[in-house]
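The next block holds one structure in the form of structure tokens; read it before the comments.
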Amino acid sequence: MGLRITVDIFSGRANPTWEIQEQEQVHELIQLLAHHQEAVADVSDGFSGLGFRGIRVEITDDLDTGGLPAVFKIAGGGDRDPYTGADVAERLLETMPIDESGPRRPAEGESDAEALEESYPEAFREAVRQEIRRTAREGAGGATTIEPTESGGLSEADAAEVEKQLQTLVHRAALACAYDVTPFNPAFWNRPDTQPYNNCYNFAVNRRTNTFAQPGRAHGYTIPRTVRCGEVSTGAQRDGLRIWGNCQPPGSLRYVVALVTGTFPGNIRDYHWYRLHPGGLWAHKPGGTAARNTDNSGRLITNPYTCDRRPYNEWCGLFQSHSGLVIR
């Protein structure tokens, strides 16, 4: 019998995941979970926006599981007893591999999926522990505290330029490039055979690959662990995206997309993408969760620069996709 534990927290890169195979430890944890099923929730329940969404547990072998489902979530806001959920989640978090040198970068020829079982700094585990406790305090539903969105270092002049760009997209005044929009269609992305395997990048460029696509991977590029704006942008441009203003050719489904990045405690970095839809509304898909057109505060997204997107507080700019894009 084995357990696969995932901290559901990132949007672009793969979530921290590790496996437990030692039989005595697995048996102890299965008993703990089976005796506290009020802490167990469906993976679709609770908070599903940007940031911490809970601890996902998968039972990887077909043995006696004490009545537990094969896949479930703990401490994500969907449990009947949030405090018990927090206690159980912290016990699971104790099994997380820790290495102060930080996450392991995939070896040559190794995919992100093959490199999932990596070590994370203690500061990151402590940050997850604090998120577990916060979710318990705020109760079922995973409510988040709303604070002003940081600009990520943009000057007032740069922020004004971003606002101007977004306004021209909606009102088509002095538009830099022609672009295309399609209706927001969450049903396509939220099917069981699609949702867990496609991330924010897949959604933004409207390309289902079932590979949790990474910018540049299809063209031999790996985003460094520093995950800075320019590094993610480099991968996206190798795939065929263009920075807004460098117009894509006509007739190629030229979606307008926005890129942001952010830092989690422990200096763990990630990125996130949005796509523009008719009427000036934007939508996104946080990691393997459902596609939506609302931000972390539950508000419709009319401006990805000012919406509630913490912890992705660094604005990287607008890009344009096209139908010939190749991603993996």
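Derivation of every value follows stated rules applied to the coordinates shown; laboratory data play no part. Everything numeric here is computed off the predicted structure, so don't read it as measured data. Ideal geometry is used to build each Cβ from the backbone, glycine not excepted, and the neighbour counts take in all protein chains shown.
Do you know the relative contact order of the chain, to the nearest whole percent, from alpha carbon pairs under 8 angstrom that are 6+ apart? Mind showing how you got there, number by number?
Details: 697 pairs, mean separation 63.2, N = 328.
Rounded, it is 19 percent for the chain.
Fewest Cβ neighbours within 10 Å first, please rank W273, W315 accordingly. Before the final figure, lay out the partial values.
Values: W273 28, W315 24.
In increasing order of surrounding Cβ atoms, one gets W315, W273.
With the calculation restricted to Cα positions, what are the radius of gyration and Dmax of the stretch 182-249 in angstrom?
Spelled out, the Cα radius of gyration and Dmax of the stretch 182-249 are 13.2, 37 Å.
Quantify how much of the Cα-Cα distance distribution of the stretch 1-94 extends past 17 Å, in percent. Please report the intermediate quantities before stating the final value.
Working: 1921 of 4371 pairs.
I get 44 percent for the Cα pairs in the stretch 1-94 exceeding 17 Å.
Tell me which trypsin sites (Lys or Arg not before Pro) from the stretch 1-83 have a DSSP coil assignment and no more than 12 other beta carbons within 10 Å of their own. Provide the component values of the computation, followed by the final result.
Values: sites: R4, R13, R53, R56, K73, R80; in loops: R13, R53, R80.
Here the trypsin sites (Lys or Arg not before Pro) that fit, given the DSSP loop and packing criteria, are R80.
In Å and whole numbers, how far do the C-alpha atoms of the stretch 156-320 stretch along each principal axis, longest first?
For the stretch 156-320, the Cα extents along the three principal axes come out at 39, 35, 35 Å.
Pop out the ³J(HN,Hα) list for the stretch 69-85 in order, Karplus 6.51 cos²θ - 1.76 cosθ + 1.60 with θ = phi - 60°, rounded to Hz; leave Gly and Pro as x.
So the Karplus estimates, Gly and Pro as x, are x, 5, 9, 7, 10, 10, 6, x, x, x, 7, 6, 10, x, 6, 5, x Hz.
Could you put H277, H219 in order, starting from the residue whose Cβ has the fewest other Cβ atoms within 10 Å?
Working: H277 18, H219 14.
In order of increasing Cβ crowding within 10 Å: H219, H277.
Within a 10 angstrom radius of the beta carbon, how do Y179, Y274 rank from fewest other beta carbons to most?
On the way: Y179 19, Y274 27.
So the residues, fewest neighbours to most, are Y179, Y274.
Compute the Kirkwood hydrodynamic radius of the chain, taking the inverse of the mean of 1/r over all pairs of distinct Cα atoms, and give it in Å to one decimal. Please list the in-between numbers first.
Details: mean 1/r = 0.0488 Å⁻¹.
That comes to 20.5 Å for the chain.
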